[in-house]
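> Sharing a structure here in structure tokens format.
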Amino acid sequence: MNQLKVFVLILFFYTAFSASATRDIRYPRPEDGVDKRQDFALLILEKILSRYQDSYQLLESDYPAQQDRALLLLNERLLDVVWTGTSKHRETNYRAIRTPIQKGLLGWRLFLINKDNIELLKSVDTPQQLRLFSIGLGGGWPDVGLFSDNGFVVHTTTSYDALFHMLQKRRFQLFPRSVLEIWEEYDNYQQFDIAIEPNVIVHYPYANFFFVNQQDEALAKDIESGFKALIDSGEYEALFQSTYRETLQQVRFSERKILSLKNGFFQEPDDTEKKYYFNL
């Protein structure tokens, strides 16, 4: 066998081995072009998996999927990782990496309202008074049960975009959004005559996690250890601050009435996990 043939064979087996050593990690694509809710989680996941050099390659799925559907696709092995709000039920059926992607700020909520209702909650001082107003949420979101359990009337739809239409048509009065989401949504959906309610902030224990298939032990361990390494290095905090510092300054926590709700669907963080959550 001449040297050229030997070289070709070596190159073939090297290429084949390299390809087989890289695993494709599929995640759900956003629901529409202006939906930026996934951007930070995707950035963090990219940083986590990049620590394993060429072991993983992230691929967007060909189709969007609502939260519950996306999780079901994990079991069908049509997706490999999903990031979404957690619940005890979800953590029973899927493998959760219990480091909050956004410091638990998914549980700090402001309200989108009709812009001519800007003083709707001006006199609200307690959760009991807040229950007089109806809530709009996506069907299958874990906080549907939370708000219902706290005595609210909740209206749902399977489409994220449809919630803005429903708010405009006064199918409900309050659309609770994370303090990290609401400003960009306000800018993107101005055509629906919405405003950000200026007086109240609602807090309940809640977080979004990365989820994988229960049997995918290797990927779960790599995401968990990679995430903690990203935090320990200070890179996570730098990314969080560069993404959200100005957004959090707009919230004006000290100027709002903070109303607390219980969340019986949430598994409270243990002592080792609490340090990853936002505190005033």
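The values are calculated or read from the model by the stated rules, or taken from the named source; none is laboratory data. It should be emphasised that the depicted structure is a prediction, and the values quoted were computed from it without experimental measurement. As a convention, Cβ positions derive from the backbone with ideal geometry for all residues, glycine included, and neighbour counts pool all protein chains shown.
> Select from the stretch 118-163 the residues that are modelled with pLDDT of 95 or more and in contact with an Asp or Glu (Cβ under 8 Å, 6 or more places away or on another chain) and list them in ascending order.
Correct list: I118, L120, L121, L137.
> Right, next: Given the options A218, A207, name the one that is crowded, with 17+ Cβ neighbours inside 10 Å and closer than 21 Å to L71 by Cβ. Step through it out loud before you land on a result.
Values: A218 fails: crowded, with 17+ Cβ neighbours inside 10 Å.
Exactly one residue qualifies, and that residue is A207.
> For the stretch 241-259, give me each residue that is closer than 24 Å to R37 by Cβ and either outside any helix (DSSP H, G or I) or in contact with an Asp or Glu (Cβ under 9 Å, 6 or more places away or on another chain) (or both). Spell out how you get there, then give the answer.
Keep residues of the stretch 241-259 that are closer than 24 Å to R37 by Cβ, which gives 241-253, 256, 258-259.
T243, T247, R252, R256, I258, L259 - these are the residues of the stretch 241-259 that are closer than 24 Å to R37 by Cβ and either outside any helix (DSSP H, G or I) or in contact with an Asp or Glu (Cβ under 9 Å, 6 or more places away or on another chain) (or both).
> For E197, indicate whether it is surrounded by 20 or more Cβ atoms within 10 Å (Cβ to Cβ), of a type in the set (D, E) and either within 18 Å of Q38 (Cα to Cα) or modelled with pLDDT of 95 or more (or both).
The answer is yes for E197.
> Checking the condition assigned to a helix (DSSP H, G or I), under 15 Å from S55 (Cβ atoms) and of a type in the set (A, V, I, L, M), which residue from A218, A238 passes? It would help to see each step written out before you state the result.
Values: A238 fails: under 15 Å from S55 (Cβ atoms).
Just one listed residue meets the conditions, A218.
> Shifting gears a bit: From the set of residues in the stretch 149-173 that are touching a helix residue (DSSP H, G or I) at 6+ places or on another chain (Cβ under 8 Å) and of a type in the set (A, V, I, L, M), which is nearest to K103 (Cα to Cα)?
V154
> What single numbered condition from (1) among the β-branched types (V, I, T); (2) assigned to a strand (DSSP E or B); (3) more than 22 Å from P64 (Cα to Cα) fails to hold for I223?
Single failed check for I223: (2).
> Tell me, please, whether a residue that is small (G, A, S), farther than 29 Å from R26 by Cα, touching a residue at least 12 places away in the same chain (Cβ under 8 Å) and not assigned by TED's automatic domain parsing to the domain that holds V179 can be found in the stretch 212-220.
No: zero hits.
> Restricting to the stretch 124-163, what's the tally of residues that are of a type in the set (F, W, Y) and assigned to a helix (DSSP H, G or I)?
Total meeting the criteria: 2.
> Related question: Just one of (1) farther than 19 Å from E184 by Cα; (2) under 13 Å from the mean Cα position of the chain (by Cα) trips up F40, so point out which.
Failed condition: (1).
> Count, please, the residues in the stretch 137-158 that happen to be more than 17 Å from G264 (Cα to Cα), in contact (Cβ under 8 Å) with a residue 40 or more places away in the chain and of a type outside the set (V, I, T).
Total meeting the criteria: 2.
> From L74, L110, grab the single residue that is assigned to a strand (DSSP E or B) and not acidic (D, E).
Just a single option satisfies the conditions, and that option is L110.
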